[in-house]
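Undergrad: First the structure, which I've put down as structure tokens, then a few questions once you've had a look.
The values are calculated or read from the model by the stated rules, or taken from the named source; none is laboratory data. Quantities reported herein were computed from a predicted structural model and do not represent experimental measurements. With ideal geometry, Cβ positions are generated from the backbone for all residues, glycine too; neighbour counts draw on all protein chains shown. Heads up: the accessible areas ignore ligands, DNA and RNA and are worked out on the full protein's heavy atoms, side chains in. Shrake-Rupley method; radii C 1.70, N 1.55, O 1.52, S 1.80 Å.
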Amino acid sequence: MDTTTRLDRKYVWHPFTQEATAPIPISIQQAKGIYLYDVQGNAYKDMISSWWVNLHGHAHPKLVKALHQQSATLDHVVFAGFTHEPAVALCERLSAILPDMLCKFFFSDNGSTSVEVALKIAYQYWYNKGEERSRFIALEGGYHGDTLGAMSVGANSVYHNVFRKLFFPVKFIPYPEFLYGENDLTIDEEEELVIKKLDAFLDKYGEETVALIIEPCIQGASGMRVCRPQFLNRIISRVRRYNIIVIFDEVLTGFGRTGPLFALEHLDEIPDIICLSKGITGGMLPLGLTVTTQTIYEAFLGTNTDSAFLHGHSYTANPITCAVATESFNLLTSKKCIEQRKIIEEVHKACIFDLYESRIGIYAPRVLGTIGAFRLGKAKKQQYQMPYGIECREKALQQGIIIRPIGNTVYFIPPYSITAEELYDAYDILQVIIQEMKIYEEKL
Ligand SMILES: *Cc1c(COP(=O)(O)O)cnc(C)c1O
């Protein structure tokens, strides 16, 4: 064991980890582009963008430079009563491409807090208006982060069972996941049923409901589950009849992950609030943003602090983070990056549907922008950890490929800087691994 790993075992408690049984963590010393290097000098392809945050590859020189320059100019300043150029520059850049309605930016420092802020703003909006509303609507399987409010609206995901009793009331409606090759014929009916359930709820409680929160187009943490955009358009137009606030959690889907810059571009309906984080700084520093409409913002204006939004974090709008985010956005909107995202989508499509056709035990193939996913084995019901997923992950790691299957769902969500060859290679390795697993022999 190298020194870092030894000290790690002495001191560190890792996220999402059963410390008693987890393998010893790999000590990473360096990262460049899509590669991570451990202390022994082994290279790994980062096929999950370091938990979905990295966009342009590790240690991108432009981001490194922005970080250096900004840290030497203005490292940090309290954001109440003060402002600075890096923060407003970032807002200006984002506002230019977001729908016009989304124009007020509230800073925090991670995805969970961006959601927490959205939920609190939505709740207080009605409070300030003098309307008593306290219910929320969310979709089954949605994941919105690990703080208490975010967990409440994600209570139906596989992660938060322990804390159930602490949650505020949320109405969960079923998520009509689209499974290619499995429910093509019944998906219309499935969606119709959910709409009926929603209508029944709205009929009773629509006027008491604060907000609807969704992960647009794809539920990430519950296993890269896609639904049809027309379904989301329909539920949104339903809740709008009751003036319910619509929140899009774009923490995963933002910044090009699903193809366009934001997943809301796949939909006709525009949300009142969006939550951003993960890719916002290209994966270099933590930052959260909650963006709202002018109408919502104005409900907090008044002559005393009671109506103000009394929420903030110590590192709100850290200038270094903002400067890196703006630089990352410059890269993201370059012709080259747009082209790279198209290529990734094409390679995903070619490879995943090839794998599917080859009948080696792959089901429900799906590609949404730079995200490519499929299920190993026939079993539809998924848990956080499942045998095929674990086996595939371990074998891939031995071949220098980092993946983190969710249950038996395997996915690639690579940095945009990956080349077509590198991505094809990763799929080739995956194909051999899956063939060796002989999943095709399973009977169910
Ligand atoms: C990851 C994620 C979050 C939580 O973000 P953190 O930065 O991990 O707190 C919230 N919502 C979605 C959709 C996510 O994928």
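Undergrad: Let me check I have the definition right: for segment 21-172, take the eigenvalues of the Cα gyration tensor, multiply each by 5, take square roots. What are those semi-axes in whole Å, largest first?
TA: Listed largest to smallest, the semi-axes of segment 21-172 are 34, 27, 14 Å.
Undergrad: Continuing with the same structure: Could you please tell me the mean projected area of the C-alpha convex hull for segment 1-67, averaged over all directions and given in square nanometres to one decimal?
TA: Averaged projected area of segment 1-67's Cα convex hull equals 5.6 nm².
Undergrad: Got the relative contact order for the chain handy, in percent, Cα pairs under 8 Å and 6 or more residues apart?
TA: 21 percent
Undergrad: If one computes the Cα centroid of segment 21-62 and of segment 204-258, what distance in Å separates the two points?
TA: Here the answer is 32 Å between Cα centres.
Undergrad: May I pose another question? Could you work out how much longer the chain between HIS311 and GLN230 gets when fully extended? Use 0.36 nm per residue separation minus the Cα distance between them, nm to one decimal.
TA: 25.6 nm is the gain from fully extending HIS311 to GLN230.
Undergrad: Residues in segment 160-197 near a label at THR21, defined as backbone nitrogen under 19 Å from the 7 Å Cα→Cβ point?
TA: 160-162
Undergrad: Based on the Cβ-Cβ distance from ASP425 to LYS335, what FRET efficiency comes out when R0 is 35 Å, to the nearest 0.05?
TA: 0.90
Undergrad: Once you compute Rg and the Kirkwood Rh from C-alpha atoms, what is the Rg to Rh ratio for segment 316-444?
TA: 1.06
Undergrad: So how long is each side of segment 282-328 along the principal axes, counting just the alpha-carbon atoms, biggest first, in Å?
TA: 39, 22, 12
Undergrad: Using a Förster radius of 51 Å, what is the FRET efficiency between LYS10 and PHE82 based on their Cβ-Cβ separation? Nearest 0.05, please.
TA: According to the calculation, E is roughly 0.80.
Undergrad: Where both residues lie in the chain, what percent of DSSP beta bridges are antiparallel, nearest 5?
TA: About 60 percent, rounded to the nearest 5.
Undergrad: Okay, moving on. Which distance in nm do the two modelled labels at LEU74 and GLU265 give, with both placed 7 Å along the Cα-to-Cβ direction?
TA: For LEU74 paired with GLU265, the spin-label model returns 3.0 nm.
Undergrad: Follow-up question, since we're still on this one. So who's got an amide H within less than 5 Å of the one on HIS56, skipping anything under 5 residues away but keeping other chains? H placed 1.01 Å off N, in plane.
TA: Residues meeting the amide H criterion: TYR416.
Undergrad: Express the Stokes-Einstein translational diffusion coefficient of segment 209-351 in µm² s⁻¹, to the nearest whole number, given a Kirkwood radius over alpha-carbon pairs, 4 °C and a viscosity of 1.567 mPa s.
TA: 76 µm²/s
Undergrad: Separate question: Using only Cα atoms, what Kirkwood radius does segment 106-260 have, in angstroms?
TA: 16.0 Å
Undergrad: Would you calculate the separation in nanometres between label points at MET1 and LYS197, each defined as 7 Å from the Cα along the Cα-to-beta-carbon direction?
TA: Once both label points are built, they end up 4.6 nm from each other.
Undergrad: Continuing with the same structure: Given a 1.4 angstrom probe, I'd like the percentage of the accessible area of segment 280-434 that is carbon and sulfur, rounded to a whole number.
TA: Here carbon and sulfur together make up 53 percent of the probe-accessible area.
Undergrad: Turning to a different aspect of this structure: Over segment 165-296, give the accessible area per residue in Å² for a 1.4 Å probe, as an integer.
TA: 36 Å²
Undergrad: Sticking with this structure for a sec: Can you check what the Kirkwood hydrodynamic radius comes to for the chain, Cα pairs only, in Å to one decimal?
TA: That comes to 22.9 Å for the chain.
Undergrad: Give the lysines whose C-alpha is closer than 27 Å to that of LYS381, dropping any in the same chain fewer than 8 places away, or say none.
TA: LYS165, LYS171, LYS196, LYS197, LYS349, LYS395, LYS438, LYS443
Undergrad: Over the Cα atoms of segment 160-229, what Rg and Dmax result, in angstrom?
TA: 14.2, 40
Undergrad: Any idea of the accessible area per residue across segment 78-139, 1.4 Å probe, to the nearest Å²?
TA: 48 Å²
Undergrad: Here is a further query. Given a 1.4 angstrom probe, what's the average accessible area per residue across segment 301-444, in square angstrom?
TA: Here the residues of segment 301-444 average 48 Å² of exposed surface.
Undergrad: At 30 Å minimum axial length over the Cα atoms and a Kyte-Doolittle cut of -0.5, report the qualifying DSSP H helices in the chain, or say none.
TA: Once both thresholds are applied, what remains is 335-357.
Undergrad: Something else about it: I need the per residue convex hull volume for segment 83-168, using only the alpha carbons, in cubic angstrom as a whole number.
TA: For segment 83-168, the hull spanned by Cα atoms encloses 133 Å³ per residue.
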